[in-house]
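The structure under discussion appears below in the form of structure tokens.
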Amino acid sequence: MYSYVARQPIFDSDLEIIGYELLYRDGPNNAFPSTTTCGITQKMFVEQHLTYQNILLDKKLGFVNFDYDDLINELPLDFPNQDYIIEVLETCEPDKYLLNSLIHLKNNNYTIALDDFCIKDIRWNAFIELADIIKIDIQLYPINKVKHLIRQLKILNKKILAEKVETYSEYNEAKSLGFDYFQGYFLSKPEVIRTNKIDEVFIANIELLKEVSKDSFSVDTIENIISKSTTLTLRLLNYVNGQVTVRSKISSISQAISYLGRDRLKRFSSHLLITCSPVKKPNALIQTSLCRAYLLKKLSKSLYGKDISDKAFITGMISMVDAILDMDIVDVISGLNLDDEITTAIINHQGKLGDLLLLAKSLEHGDWEFIKSFQLRHGNIMPSILDQYIDAIDYVNTFSG
């Protein structure tokens, strides 16, 4: 039901928070879930970044651990380079393949940190030039024994982070020696944050991966697959905003798809498929949001033509994510870069789309006075709003029941 992540702040020399190290957890206990790191970061990518985007980071940097396989398989490229620091785990094998992967990341403007820098293993020396931040465990390597190393790193213009700062005197000593950043229990213990874990439509993920793997895939087919899942729609929007510079605000699923291209769509689908598991059926909130999406699209065509039907669909689809995620709707909407008309409709119930959204809610709650007034305001051009509502419910049930 829930997704867990531990968030430990990282401070500068003025004790201002500059970022958070994000550590995946599989339960409420503040402990690493297993002895392996395989797949952990990818799960966090899907469950946290693609769902909650920058809300978890509070507009700060995210420090994320990547193991050898993650780096060789270029998983970091799916994390926005302006929001995340790539931490290379000390358990990685410092070979030429890892070095080449980090060179590729640097060429793509990623910031690289060497986590728990291993002073005694000279093979890591070749990686110092690539790294922007060197993290040193001051419990493993006491400050008075690394003074010479600190001076060398400062000459190379590297930022140095003191890990496991447990006392005020350690903080003061590290600061006086030239450390730039500080992390540890003296400053703040990792905080476990629990968020709702959104169920995936497993078959939809398989269909999506199958389609994008074709020699010539259909954007219309991909749009049809994604539009049947509130979860996929939300994560697609977050993925697009994290991967590309969006030239104009998003007003349709097909527009979001067009920004990605085949390779990114395939990576997007692979992430979802690997980290989810089959579920019986969407819950009531998911079904309601889907029903709203199809109802609003159909009604908007009847009233206004095709011009805003795509916007109407996204309005209905995203209108319940606050209830799905147990979060303020403004916080969720702010990171999706949606068209202003969609945002205004969802948050303020204003404009043509806002009026349609209010109608959908009235149908759900049996507010017949609003339904009647809506029909009168629009000149009774729709013979039976209720029939269209029932049709939308029936349609959603054909692929979610």
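Extending each Cα 7 Å along its Cβ direction at L130 and N157, get the distance between those two points in nm, one decimal.
In this crude spin-label approximation the distance works out to 2.0 nm.
Please list 363-376, 59-72 highest first by mean number of surrounding beta-carbon atoms within 10 Å per residue.
By packing density, highest mean first, the sequence is 59-72, 363-376.
Tell me the relative contact order for the range 279-371 as a rounded percent, counting alpha carbon contacts under 8 Å between residues six or more apart.
In percent, rounded to a whole number, it is 24.
List every residue whose amide H lies under 5 Å from the amide H of T111, counting only residues 5 or more places away in sequence or on a different chain, with H placed 1.01 Å from N in the peptide plane.
Residues meeting the amide H criterion: I86.
So how far apart, in nm, are the two label points at T91 and D263 if each is 7 Å from Cα heading toward Cβ?
Once both label points are built, they end up 3.0 nm from each other.
Only the coordinates and a few stated rules stand behind these numbers; no lab work does. Every value quoted in this text rests on a predicted model; they were computed, and no experiment measured them. With ideal geometry, Cβ positions are generated from the backbone for all residues, glycine too; neighbour counts draw on all protein chains shown.
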